[in-house]
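The values are calculated or read from the model by the stated rules, or taken from the named source; none is laboratory data. Treat the numbers as computed from the prediction; the structure is a model and nothing was measured. Using ideal geometry, Cβ is built from the backbone for each residue, glycine included, and neighbour counts are taken over all protein chains shown.
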Amino acid sequence: MLDMRRRSFITSLAAASATRLRAQAGVHPRLFLDAQRVASLELQITTTHAALWKAVRQQADSLAGQNPSVYRDDPTPNDEQLWQRDVGNAMPFLAMAHLLTGDVKYLNGASRWAVASCGYPTWGKGTENGAGLATGHQLLGLALIYDWLYLSLTADVRDQIRRTLIARGGTMYAAARNTAYWRTTYLQNHLWVNVAGLAAAGLALRGEFDATVWLDLVRQKFQSTEAALGPDGASHEGSGYWSYGVEFMLKYWHLAADAFGETTTSPWWNQTAAYRLYMALPRASWSSASTNVDIADCPRNEWYGPDYLLRRLSSLHRDPYAQWLGGELDRAGVTANTARWLNLLWYDPSVVERPPDALPTMRHFEDLGLVSARSGWDGSESLLVFKCGPPLGHAAVNKFDYDAGCGHVHPDANHFVLFANGEWVLRDDGYAWKQTDQHNTLLIDGKGQLGEGSQWFGALAAIRPQANPVILEAASTPGVDEIIGDATAIYPSTSGLKRFVRRLLWVKPNFLIAVDEIETDMPRRLELRFHTEFPCVPGENGSLIAQGKKTKLRISLLTPDQATMSYSEAAGKDRDGNAMSLHTVKLESTRSSWTNIMLFSW
Ligand SMILES: [Zn+2]
């Protein structure tokens, strides 16, 4: 009976969805916008959205005066031809500017960029051709030109775009269904970008080409992602890829809401703006080169937005803090302009900005195992971020026995970073080779944690044993914050590790004590590393001093009877495996039981 009812409910949902799609056939624009929305946007760009429109129009002006990239065949990393992403990103600016002004220069620009994109002989090389990020971006850009400018394009250009969308969309569909490595990586940006592009292509063609199987597949991919996202809003890919992934997920869900009446279902969405807020550096330090914590594969600045992403999240969840952060980043001039046309669609002035002054200074993202703690919200505070959790988070541990999107994770359990007086003092390695020795944590006999040792995180090594580091405590009081992590489980059994528990006591704002309790099966060569942003010199009483531009960090070993402390330039590897060096403080001890206590003061 229940099954029958469910079946009839699903049938009626499908019928409603089909009716909605049939009603859209032949009507343009239909992607993100319809005639009514365009009319209201024409008014908004003279009032509430005037400043946002000015920035979009300037970018469209610039693009209209440029020629699109000429196809080039030189080798690119992983055969991805990522320069084509910029071509895909350019097209919506030109299409939107023509839609809102009727100015023919934008139409001509849009046609020129679209024809160039259609003419590229490959969209990615090898197995990437038609099945990677270059395709995801270009499908979306072309779909918007096709849909938004449908009646204005010449018949030739329109036909060329239609044929390209059908052919390239078909290749992407086959990859997403059968062959691409990312087809079941429900927690990874490649899947989201690629099938969001496929959705836009399918919806733009509706009425002229039957894309039902494409759209059904895309819906299934995003529904599986909804079921896989953890509950805490954090991203294992780091803040940079968070922006990238969220942009394409939000694009898809906007299209899906209009086309199918479907919305997100995961609790992750209601929390994820807070993840970006707590990964924000103290705002007095923001520059175009530095805005956020760079744990995992992450730049220190922005790749995508995130102003328009935060505004969309603010609008969907009536979140005044997300609205504030989006506004502050925008006003500071530190956002990335990649898709800022989305500001026009996603800024909702009915949500009033609220600064985070009254929010807790500590937030524990319990699923991923990430704690952000700061000494205040005045913009010049100190910031401590600590990580100790399974690669994809606790919720994913029992869900996946394969790599569902670990590539950008770092082998960094019990690692922490510190930012003070407007600059980094203890640092992450950023977008780099996956090595534990590039993090502020423990090595045993020179080796690190499961998953290390290659360009991309070795997910199977870490997932199959279900190695689950865990945060045992994250407590904040006005004077002292305490964080405790147990990373024992993420070390290989051959390490002989029986216990690695780290306790951080932060006497705010400028004294941090780190207590590490380590036990192994027999005496082993144990080493704790701390990487400083600036080089160290000897200080008084055996301490080390890392002198920054604004901050003097003093590093003191409080248990000198158990270990030796030294400083050197340690060898590391960047994201492509090239040599780089790191300013490294080493604590070394050969024993089976070691309690090490450090004091960091600044
Ligand atoms: Zn790292």
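Values as computed for the structure displayed
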item	result
Strands (runs of 3 or more DSSP E) enclosed by the stretch 516-590 - at least 3 residues per element that are closer than 30 Å to residue 78 by Cβ and not assigned by TED's automatic domain parsing to the domain that holds residue 429	none
Residues being crowded, with 24+ Cβ neighbours inside 10 Å and either within 14 Å of the ligand (Cβ to nearest atom) or in a strand (DSSP E or B) (or both) - total across the stretch 441-451	5
Considering residues of the stretch 174-197 that are of a type outside the set (Phe, Trp, Tyr) and in a loop (DSSP other than H, G, I, E, B) only, the residue farthest from the chain's Cα centre (by Cα)	180
Selection within the stretch 270-291 - under 16 Å from residue 382 (Cβ atoms) and part of a strand (DSSP E or B)	280, 290
Qualifying residue in the stretch 198-211 (condition: among the small types (Gly, Ala, Ser), assigned to a loop (DSSP other than H, G, I, E, B) and surrounded by fewer than 21 Cβ atoms within 10 Å (Cβ to Cβ))	yes
Flag for residue 263 being over 15 Å from the mean Cα position of the chain (by Cα), within 20 Å of residue 346 (Cβ to Cβ) and either assigned by TED's automatic domain parsing to the domain that holds residue 401 or without any contact (Cβ under 8 Å) to a residue 40 or more places away in the chain (or both)	yes
Unmet criterion (only one of (1) more than 22 Å from residue 431 (Cβ to Cβ); (2) β-branched (Val, Ile, Thr); (3) in contact (Cβ under 8 Å) with a residue 60 or more places away in the chain) for residue 559	(3)
Selection within the stretch 293-324 - part of a helix (DSSP H, G or I) and either within 16 Å of the ligand (Cβ to nearest atom) or surrounded by fewer than 24 Cβ atoms within 10 Å (Cβ to Cβ) (or both)	315, 316, 317, 320, 321, 324
Criterion (hydrophobic (A, V, I, L, M, F, W, C), touching a Ser or Thr at 6+ places or on another chain (Cβ under 9 Å) and over 15 Å from residue 173 (Cβ atoms)) met by exactly one of 274, 228	228
Residue match in the stretch 462-479 (condition: over 30 Å from residue 284 (Cα atoms) and within 16 Å of the ligand (Cβ to nearest atom))	yes
Single residue of 413, 467, 396, 462 found to be buried (at least 24 other Cβ atoms within 10 Å of the Cβ) and at pLDDT below 95	462
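This table checks each residue for (1) within 16 Å of the ligand (Cβ to nearest atom); (2) more than 21 Å from residue 300 (Cα to Cα); (3) in a loop (DSSP other than H, G, I, E, B).
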{"position": "380", "(1), (2), (3)": "no, no, yes"}
{"position": "385", "(1), (2), (3)": "yes, no, no"}
{"position": "389", "(1), (2), (3)": "yes, yes, yes"}
{"position": "400", "(1), (2), (3)": "no, yes, yes"}
{"position": "403", "(1), (2), (3)": "no, yes, yes"}
{"position": "407", "(1), (2), (3)": "yes, no, yes"}
{"position": "412", "(1), (2), (3)": "yes, no, yes"}
{"position": "424", "(1), (2), (3)": "yes, no, no"}
